[in-house]
Amino acid sequence: MEVRSTTRPGAPQGGVSTAAPSAAPAAGPPDRAPAEPVHWSRARVLGFGRAVGGDAEVCRPTTAEQVVEALSCGGVDGRGIALRGAGRSYGDASTNTGGRVLDVTALDRILDFDPETGIAHVQPGVRIRDLWRHAIPHGYWPAVVPGTMHVSMGGAAAMNIHGKNAYAVGTFGDHVLEFTLATPSGELLVCDRQRNADVFHAAIGGFGMLGCFTELKLKLKRVHSGRLRVWGIPMRNLEDGIAILEDQREHADYLVGWCDLHARGRGLGRGVMHRADQFEPGEDPDGERFLSAARQDVPSTLFGVVPKGWIWPGMWCAFHFGCVPFVNALKYHAGFKEGLASPYPQSHGAFHFLLDYVPRWHWMLRPGGLIQFQPFVPKDAAARVLRQVTEKAHSWGMAPYLGVLKRHRPDPFLMTHGLDGYSMAMDFGVPVGARRRRRLWELTHAMAEVVLDAGGRFYFAKDATLPTDALQRIHGADTLARFRALKRRLDPSHLLQTDLSRRLAL
Ligand SMILES: Cc1cc2nc3c(=O)[nH]c(=O)nc-3n(C[C@H](O)[C@H](O)[C@H](O)COP(=O)(O)OP(=O)(O)OC[C@H]3O[C@@H](n4cnc5c(N)ncnc54)[C@H](O)[C@@H]3O)c2cc1C
């Protein structure tokens with residue numbers, strides 16, 4: 001096992017202060033000075049959906065040395081320490097109710113970027129947005145981006161996120177070349193596909209259970225234009241959406257289907273598939289002008305007039321006054337018009353980060369919040385299983401207000417959600433009131449049974465409700481035993497915990 005440093009700076013044991021967290025550091029080379037003492041202060045830490053989580057003691061280190069020192073402080077009340085990036089996981093993957101939370105977002109420096117190779121060397125708190133803003137003027141874009149630009153590199157690696165091109169380029173981890181991991185056992189491990197290869201393949205996708213990424217190297221992809229060529233393709237139902245994905249995936253760079261999960265019968269899952277392709281060199285006459293950070297960012301007003309911050313209250317009204325089925329139907333019919341107008345050019349930012357167009361959109365689900373349920377189903381069972389779980393939601397009177405269909409492929413990471421098949425991300429508004437909330441949880445358990453019986457998987461960044469036995473049913477006893485053995489080696493006192501890891505009895 002290669003170890004860069006095995007010594008840990010002396011640390012005050014268990015000291016908790018209510019001092020305010022330090023400010024984010026300025027850009028520049030990493031700080032290698034001896035670690036300043038770390039401070040823990042009480043705060044409310046929720047999942048992105050605001051439906052789960054609770055109070056915790058939070059520390060925001062600014063250097064890798066402080067990360068090591070914070071880990072040496074130990075947890076409180078046997079609840080350990082949760083690692084947290086930008087807090088964009090929908091559920092409880094980075095919350096630790098009653099325990100401690102190590103927020104690494106202040107480690108936010110891009111340490112190096114090579115415009116010849118597109119290799120970036122980053123700290124874990126760097127966000128996808130920081131990365132593409134830095135890289136796009138050089139003609140590079142991150143190989144894998146999620147539906148929001150606000151996730152951190154550490155969170156992306158720990159969850160091994162996927163994009164709208166998962167079927168073609170795999171997951172985030174497939175593009176990571178190397179990382180350094182600070183473990184609770186006090187090591188700083190340098191890991192890649194040769195050195196500490198077992199840790200490399202388990203910490204990526206290991207949901208923050210083996211150690212804290214303190215640096216990562218990843219390869220970005222070349223782009224010759226700041227825009228993509230986009231098609232809208234109407235989908236008549238779920239089965240049609242799957243057929244389109246199969247038909248187009250050999251040639252398309254990105255594919256994602258928006259589905260109306262309120263529609264029933266033959267129309268269930270109708271919607272619009274979006275395909276986007278990169279331009280070849282010289283193909284887009286205006287492409288170079290869009291190789292600029294300013295041209296990729298989402299605008300701050302709607303139609304150049306309405307401040308985006310005013311939009312979520314309108315969405316709140318639509319949601320709470322039962323307009324979702326109507327809005328979905330309108331969107332489906334608009335898809336036919338879009339199909340006729342296709343293809344059209346769109347910036348990478350506008351194509352990928354539609355959800356970032358509306359700041360605080362998830363507040364429309366207040367006061368209950370939202371949960372996401374994203375089953376991954378092997379290809380041959382997908383149409384049957386995804387239809388069955390949606391119909392189950394209908395029969396329980398709780399249709400998801402949004403569905404997003406994607407194609408995936410397997411990857412080499414131990415705890416992966418990637419498989420040769422499809423996923424459907426389903427968003428549910430969480431009802432207010434303990435009884436109705438419990439009923440939603442029961443519904444997701446009933447849906448999970450169908451998925452797990454078919455050999456399906458789940459993605460923990462999008463989970464808040466899976467029952468304890470799901471972990472073993474998803475990954476199998478052997479894989480789970482290998483992961484637990486690594487955890488015992490790197491985290492012998494079981495320091496790294498989250499509400500998720502306790503719920504799944506890791
Ligand atoms: C609007 C929206 C759209 C999304 N779309 C997609 C999508 O298309 N595809 C997709 O895959 N995901 C998607 N996600 C989910 C998101 O990409 C993941 O939840 C991602 O992990 C969030 O990163 P984060 O920095 O917010 O991490 P957090 O949510 O804070 O943490 C996620 C996990 O990473 C661990 N972690 C954080 N930092 C470190 C570190 N330095 N070292 C070790 N472990 C660490 C945490 O313990 C936790 O287990 C979406 C989320 C939102 C809100």
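Brief remarks on what is shown
- Of everything listed in (1) away from the ligand (no atom under 15 Å from the Cβ); (2) surrounded by fewer than 24 Cβ atoms within 10 Å (Cβ to Cβ); (3) in contact (Cβ under 8 Å) with a residue 24 or more places away in the chain, the single unmet condition for Gly241 is (2).
- Considering the range 74-90, the residues that are more than 9 Å from the ligand (Cβ to nearest atom) and touching a residue at least 24 places away in the same chain (Cβ under 8 Å) include one that is nearest to the chain's Cα centre (by Cα), namely Ile81.
- Residue within the range 310-326 that is out of contact with any Phe, Trp or Tyr (no Cβ under 9 Å at 6 or more places or on another chain), touching a residue at least 12 places away in the same chain (Cβ under 8 Å) and of a type in the set (A, V, I, L, M, F, W, C) present: no
- Matching residues in the range 450-506 - criterion: being charged (D, E, K, R), under 18 Å from Leu189 (Cβ atoms) and within 16 Å of the ligand (Cβ to nearest atom): Lys487, Asp491
- Which numbered condition Asn196 fails, given (1) crowded, with 23+ Cβ neighbours inside 10 Å; (2) polar (S, T, N, Q); (3) within 16 Å of the ligand (Cβ to nearest atom): (1)
- Qualifying residue in the range 127-134 (condition: surrounded by fewer than 24 Cβ atoms within 10 Å (Cβ to Cβ) and within 11 Å of the ligand (Cβ to nearest atom)): yes
- Residue match in the range 45-62 (condition: touching a Pro at 6+ places or on another chain (Cβ under 7 Å), in a loop (DSSP other than H, G, I, E, B) and crowded, with 18+ Cβ neighbours inside 10 Å): yes
- Every residue from the range 47-60 that is within 22 Å of the chain's Cα centre (by Cα), closer than 20 Å to Ala106 by Cα and not hydrophobic (A, V, I, L, M, F, W, C): Gly47, Arg60
- Test result for Ala464, under 13 Å from Val52 (Cβ atoms), outside any helix (DSSP H, G or I) and in contact (Cβ under 8 Å) with a residue 12 or more places away in the chain: yes
- Looking only at residues in the range 168-185 that are touching a Phe, Trp or Tyr at 6+ places or on another chain (Cβ under 9 Å) and in a helix (DSSP H, G or I), the one that is nearest to the ligand (Cβ to nearest atom) is Gly173.
- The lone criterion from (1) over 17 Å from His352 (Cβ atoms); (2) more than 15 Å from the ligand (Cβ to nearest atom); (3) in contact with a Leu (Cβ under 6 Å, 6 or more places away or on another chain) left unmet by Thr117 is number (3).
- Of all residues in the range 346-360, those satisfying the criterion of being surrounded by 18 or more Cβ atoms within 10 Å (Cβ to Cβ) and in a helix (DSSP H, G or I) are His348, Gly349, Ala350, Phe351, His352, Asp356.
- Residue in the range 98-111 that is more than 16 Å from the ligand (Cβ to nearest atom), more than 22 Å from Val38 (Cβ to Cβ) and modelled with pLDDT of 95 or more present: no
The values are calculated or read from the model by the stated rules, or taken from the named source; none is laboratory data. All of these numbers come straight from a predicted model, not from anything done at the bench. Note that each Cβ is placed from the backbone with ideal geometry, even for glycine, and that neighbours are counted across all protein chains shown.
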